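Just so it is clear, none of the values below were taken in a lab; they were calculated from the coordinates. These numbers were taken from a predicted model, which means no experiment stands behind them. Every residue, glycine as well, gets a Cβ built from its backbone with ideal geometry; the counts of neighbours run over all protein chains shown.
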Amino acid sequence: MGEAIRDVVSRLVKVVREQSGTQSNAQNETLALLERCGPVSIATLAVRRAVTHQTMRLIVQKLVEQGLVTLTVDNEDRRAWVVDLTDTGRAQTAQARDARSQWLTEQLLTKTSREERAVLETAVRTLNKLID
């Protein structure tokens with residue numbers, strides 16, 4: 001059952017991103033992570049995204065150039081930098097999330113019955129227990 005759930009969730013994420021026009025890439029994944037966890041160091045981002053510090057530094061630099069994140073010196077470790085979303089970065093991340101949610105909601109309403117949606121609501125609660 002574990003593999004079946006992993007497979008369907010993975011495929012669902014891919015289809016939702018494709019159909020909503022919000023393709024995944026390293027920059028978008030980093031923005032989404034910042035939205036979830038708030039301002040963090042480049043090192044923390046690298047660990048959470050499972051990439052090297054150098055790779056994350058390059059991703060962050062591109063996001064800075066696009067005006068999507070800011071870099072400030074860490075108050076606790078003056079050698080480190082803290083990355084945070086700008087208002088533009090927040091808006092772009094929210095827009096992508098909303099597009100994905102809207103597409104998925106439309107699919108659920110047109111392709112599933114009320115009973116199936118109730119089962120899915122229960123499944124979501126159950127899956128959340130695995131990650132909380």
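Say each of THR86 and GLN19 gets a label point 7 Å from the Cα, pointing the same way as Cα to Cβ; how far apart are those two points in nm?
3.4
Amide H to amide H under 5 Å from SER41: which residues, 5+ apart in sequence or cross-chain, H placed 1.01 Å off N in plane?
Those lying under 5 Å, H to H, from SER41 are VAL83.
Name the long-range amide H neighbours of THR86: under 5 Å, sequence gap of 5 or more, or other chain; modelled H, no Pro or chain starts.
VAL69, THR70
What percent does the relative contact order of the chain come to when contacts are Cα pairs within less than 8 Å and at least six residues apart?
About 24 percent, as a whole number.
Mind jotting down the three principal axis lengths of the chain based on Cα atoms? Whole angstrom, largest first.
Per principal axis, max minus min of the Cα coordinates gives 55, 28, 21 Å.
So which trypsin sites (Lys or Arg not before Pro) in segment 59-132 pass both tests, a DSSP loop state and at most 13 other Cβ atoms within 10 Å of the Cβ?
ARG78, ARG79
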